[in-house]
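These notes concern the structure reproduced below.
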Amino acid sequence: MNSYKIRDLLASEENIVGICLDGWVRTKRESKDVTFIEINDGTCLANLQVVYRHDELDEAMAEQLRNVTTGLAVQVKGDLEPSQGQGQKWELVSKYLLSHAAMEPDYPLQKKRHSDEFLRQIAHLRPRTNKYGAMTRIRSQMAWAIHDFFRQRDFFYVHSPIITGSDCEGGGSVFRVTTLPEGQKAPLTEDFFGRWAGLTVSGQLEAELMAMALSRVYTFGPTFRAENSNTARHAAEFWMVEPEAAFYNLSDILDLSEEMIRYLIAYALNNCQKDLELFDNYVEKGLLDRLEKLQTGLYHRLTYKEAMDWLLKSHEKFEIQPYPGSDLASEHEKYLCQSLDGPVSVYEYPKAIKPFYMRLSDDRSTVSAMDVLMPKVGELIGGSQREHRLELLIARLHEQGLSEEDYWWYLDSRRWGSAEHSGFGLGFDRLLMLITGVNNIRDVQAFPRTPKSLEF
Ligand code: 4AD
Ligand code: MG
């Protein structure tokens with residue numbers, strides 16, 4: 001017997017004899033003469049119906065079938081035939097079922113809709129629900145899409161380190177890495193690296209070094225931030241995609257970011273249709289229409305100053321009142337996207353609210369930063385043209401109270417062969433929120449890490 005996957009069986013053009021299939025029971029229905037079992041193997045949203053005619057079963061098999069409950073892992077064998085019933089094209093007519101392992105009673109996932117909050121408490125089981133199965137498949141597809149996008153544009157995939165000795169974003173939200181015994185005071189020189197070490201908050205600085213040799217690179221990996229903001233859009237561990245390109249200026253990187261978002265959304269619409277329909281039905285009505293609009297619609301570009309003027313002119317009551325020079329709070333980002341009815345890229349920010357590595361403008365008051373704000377998720381992308389001029393970079397380090405010694409290797413890249421370059425970081429988990437309409441980051445990650453929460 002051949003081993004098959006449900007996705008392929010449901011797409012079959014003809015009857016198939018002699019199928020062997022492994023999966024998990026989603027439901028069982030029994031009548032006097034027939035038992036129907038719906039099986040899912042994770043390869044697609046749909047289940048395959050398996051039909052047992054009681055008069056064709058011996059007593060041992062009938063007993064096996066009586067013991068089948070929701071959640072059981074089974075192997076079934078039989079023939080794929082056009083379904084007699086409605087709702088599915090194919091069904092598997094079977095006389096054989098093997099249980100892979102016995103089930104204990106009280107399986108928490110019964111055939112009903114469970115709340116997001118309940119499912120978060122059983123994150124170890126929730127991939128088995130329709131919604132998280134779909135989420136997991138879309139996540140996997142989008143990872144492929146990222147690689148496709150960059151491969152088509154001559155970007156090399158590079159791996160930046162997870163353990164670092166520097167803080168790229170300067171926000172002070174770095175998780176420390178140490179092997180010093182708990183509760184003991186010991187000098188850093190006795191620690192594993194003999195110095196301070198932390199988990200990366202961004203692979204940007206290393207990506208810049210690679211771009212200075214390979215022209216175009218991107219990183220795609222886990223990123224860590226010990227931000228104590230318990231919001232629906234922040235996680236302590238998340239995945240970031242960070243392209244970095246030599247000889248790109250701010251306008252080039254703005255173009256790349258917009259092209260990338262359109263590409264990723266088109267990829268989702270073309271490759272994840274059935275799974276997206278689930279989110280359109282149960283999470284956000286009109287999701288598919290929204291995505292189509294994002295794929296082809298207008299992307300606005302405003303300087304920070306224009307965006308600020310727009311906010312100040314509005315008669316909106318904000319909780320945090322914006323003022324020239326203030327950072328944009330998420331309610332401001334939301335207002336910009338809502339009032340302009342679409343994505344908004346804001347660029348050229350005051351230097352005081354941005355990190356040291358961004359290129360200073362000629363009047364020295366702003367930096368070549370860009371943020372891409374999206375409806376529903378707010379900031380999806382943050383990036384900039386980098387400061388490639390050594391003296392100005394050193395001055396910015398000092399201004400921000402950072403030391404040249406800690407960044408000597410980064411400064412070296414400006415000493416020899418320096419050139420204009422630019423890059424950005426896209427939050428992969430926020431991309432999934434955008435694409436599925438799910439509004440809590442805890443529900444797009446399999447095992448979310450947030451303040452006071454590390455169960456699994
Ligand atoms: O704007 P950020 O902080 O930019 C950087 O880290 C730059 N070094 C990137 C670069 O230029 N190479 O972060 C980039 C994106 C944000 O726009 C957001 O989508 C996501 O990363 N992000 C988070 N996602 C989930 N949880 C968090 N705590 C996040 N912090 C940032
Ligand atoms: Mg940012």
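Note on Leu390 and Tyr157: their simple-model spin labels are 3.6 nm apart, each label 7 Å out from Cα toward Cβ. Here the accessible area is traced with a 1.4 Å probe on the protein chains. For region 294-362, carbon and sulfur cover 51 percent of it.
Using C-alpha pairs below 8 Å separated by at least 6 residues, the relative contact order for region 1-80 is 38 percent.
Probing with 1.4 Å while keeping every protein chain in the model, the per residue accessible area of region 3-161 equals 56 Å².
Students often get this wrong, so check it: of Lys111/Lys131; Lys32/Lys112; Lys313/Lys376; Lys293/Lys334, which have C-alpha atoms separated by over 21 Å?
The pairs that break the limit, which is 21 Å between Cα atoms, are Lys32/Lys112; Lys313/Lys376.
Could you list the residues of region 128-172 with an amide nitrogen less than 18 Å from a label point located 7 Å from the Cα of Glu404 in the Cα-to-C-beta direction? In region 128-172, the label zone of Glu404 (backbone N under 18 Å from the point 7 Å along Cα→Cβ) covers no residue. Using only side-chain charges placed at the Cβ, +1 for Lys and Arg and -1 for Asp and Glu, the dipole size of region 57-156 relative to its Cα centre rounds to 540 debye.
A 1.4 Å probe, protein heavy atoms only, puts the accessible area of Thr70 near 30 Å². Projecting the Cα atoms of Gln75, Asn249, Tyr52 onto the charge dipole of the chain, computed from C-beta unit charges around the Cα centre, puts Tyr52 farthest toward the positive end. Seen from Ala268, the other residues with C-beta closer than 13 Å to its C-beta sum to a net charge of 0, counting Lys and Arg as +1 and Asp and Glu as -1.
Once you have a ≥ b ≥ c as the square roots of the Cα gyration tensor eigenvalues for the chain, tell me rounded if a/c is under 1.5, and otherwise prolate or oblate according to whether a/b is larger than b/c. It comes out prolate by the Cα gyration axes. Only helical runs count toward this figure. For the chain, summing -39,500 (n - 2.57) over DSSP H runs of n ≥ 4 and dividing by all residues gives -9500 deg cm²/dmol at 222 nm. In a simple Cβ point-charge model (Lys, Arg +1; Asp, Glu -1; nothing else charged), region 283-336 has a dipole of about 140 debye relative to its Cα centre.
Please label the shape of region 338-436 as rounded, prolate or oblate, based on the square roots a ≥ b ≥ c of the eigenvalues of the alpha-carbon gyration tensor (a/c under 1.5 means rounded; beyond that, a/b larger than b/c means prolate, else oblate). Note, shape of region 338-436 comes out prolate. Here the contact order of region 362-415, divided by its residue count and restricted to Cα pairs under 8 Å and six or more residues apart, works out to 24 percent. Considering only Ile353, Pro324, Gln338, and ranking their Cα positions along the charge dipole of region 315-362 that arises from unit charges at the beta-carbon of Lys, Arg, Asp and Glu, the one farthest toward the positive end is Ile353. For region 217-298, the solvent-accessible area of protein heavy atoms averages 43 Å² per residue (probe radius 1.4 Å; ligands and nucleic acids excluded).
Per the 1.4 Å probe, what fraction of the accessible area of region 1-103, in percent, lies on carbon and sulfur atoms? Its accessible area is 49 percent carbon and sulfur atoms.
Out of region 166-225, which trypsin sites (Lys or Arg not before Pro) are coil in DSSP terms and have no more than 16 other C-beta atoms within 10 Å?
Numbers: sites: Arg176, Lys185, Arg195, Arg216, Arg225; in loops: Lys185, Arg195, Arg225.
Counting only loop positions with at most 16 other Cβ atoms within 10 Å, the trypsin sites (Lys or Arg not before Pro) in region 166-225 are Lys185, Arg195.
Among Thr136, Ala186, Gln152, whose Cα lies farthest out toward the positive end of the dipole of the chain, if unit charges sit on the beta carbon of Lys, Arg (+1) and Asp, Glu (-1)? Going by the Cα projections, it comes out as Thr136.
How would Leu269, Leu393 line up by accessible area, probe 1.4 Å, largest first? The partial results should precede the final answer.
On the way: Leu269 25, Leu393 0 Å².
Descending accessible area places them as Leu269, Leu393.
For region 416-448, state which chymotrypsin sites (Phe, Trp or Tyr not before Pro) are in a DSSP loop and have at most 13 other beta carbons lying within 10 Å of their beta carbon.
Details: sites: Trp416, Phe424, Phe428; in loops: Trp416.
In loop regions of region 416-448 (DSSP not H, G, I, E or B), the sparsely surrounded chymotrypsin sites (Phe, Trp or Tyr not before Pro) are Trp416.
Solvent-accessible area of region 117-236 (1.4 angstrom probe, protein heavy atoms only): carbon and sulfur portion equals 54 percent.
In this structure region 353-456 gives 38 Å² per residue of accessible area when probed at 1.4 Å with all protein chains present.
Using DSSP to define loop residues, name the GluC sites (Glu not before Pro) in region 147-190 whose beta-carbon has at most 15 other beta-carbon atoms within 10 Å.
Numbers: sites: Glu169, Glu182, Glu190; in loops: Glu169, Glu182.
Answer in residue order: Glu182.
Can you give me the relative contact order of the chain as a percent, contacts being Cα pairs under 8 Å and 6 or more apart?
Working: 811 pairs, mean separation 59.2, N = 456.
That works out to 13 percent.
The values are calculated or read from the model by the stated rules, or taken from the named source; none is laboratory data. Bear in mind the structure is a predicted one, so any value in this text is a computation, not a measurement. Note that we place each Cβ from the backbone using ideal geometry, even for glycine, and neighbour counts take in every protein chain shown. All accessible areas refer to the heavy atoms of the entire protein, side chains included, with ligands and DNA or RNA removed. Shrake-Rupley method; radii C 1.70, N 1.55, O 1.52, S 1.80 Å.
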